[in-house]
Amino acid sequence: MDIGIVVALVICLLVVFVIKYVKTDAKYKHDLEHVFANRPALTGDEFYQHYFADTGVSQDVVVGILEILEQQLDIDLSRLAAEDDFSKNLAFLFDFDSMADVAIVVALEERFDIDISDKEAASAKSVNQIVRLIHKKQSEKASRFNSSLVH
């Protein structure tokens with residue numbers, strides 16, 4: 001095959017990829033702005049105070065989860081709400097990276113030194129459910145540790 005034809009094919013493929021990426025990125029940003037429209041930006045501490053301060057969940061858990069979500073999804077989630085749902089209004093976040101949910105679960109397990117079953121991961125769809133799952137797993141772990149000290 002002529003080198004000129006190969007170069008032309010490579011350039012065409014690159015152009016198609018760039019066009020697709022730009023369209024996807026623009027839609028992603030549009031969808032994100034639509035979901036977060038008219039919401040105030042909150043720091044991790046403010047998010048905790050607004051949604052979880054009265055729940056018994058530690059601030060470290062909530063802020064840690066927010067940090068993981070932002071790192072794994074590579075977006076600013078300062079306008080996130082506890083009721084946001086990754087299977088509904090935030091489902092588009094996984095259109096771009098279908099393995100992001102797996103990476104989030106692994107990061108949560110590593111950060112909080114817990115195990116999350118596939119069933120638990122699948123049932124934790126909203127931010128609130130994720131926070132409560134991690135809190136529950138940490139509480140169970142602490143309870144097992146404390147009972148092992150007694151025996």
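The values are calculated or read from the model by the stated rules, or taken from the named source; none is laboratory data. All values derive from a computational prediction rather than experimental measurement. Here the Cβ is made from the backbone with ideal geometry for all residues, glycine too, and neighbour counts use every protein chain on show.
Considering only residues that are aromatic (Phe, Trp, Tyr) and touching a residue at least 24 places away in the same chain (Cβ under 8 Å), which ones fall in region 40-58?
47, 51, 52
Which of the following residues is touching a residue at least 40 places away in the same chain (Cβ under 8 Å), aliphatic (A, V, I, L, M), touching an Asp or Glu at 6+ places or on another chain (Cβ under 9 Å) and farther than 19 Å from residue 29 by Cα: 131, 127, 61?
Within the list 131, 127, 61, the selection yields 127.
Of the residues in region 37-68, how many are part of a helix (DSSP H, G or I) and either aliphatic (A, V, I, L, M) or at pLDDT below 95 (or both)?
Here the count works out to 6.
Taking the conditions exactly as written (at pLDDT below 95, crowded, with 17+ Cβ neighbours inside 10 Å and in a helix (DSSP H, G or I)), does residue 121 satisfy them or not?
yes
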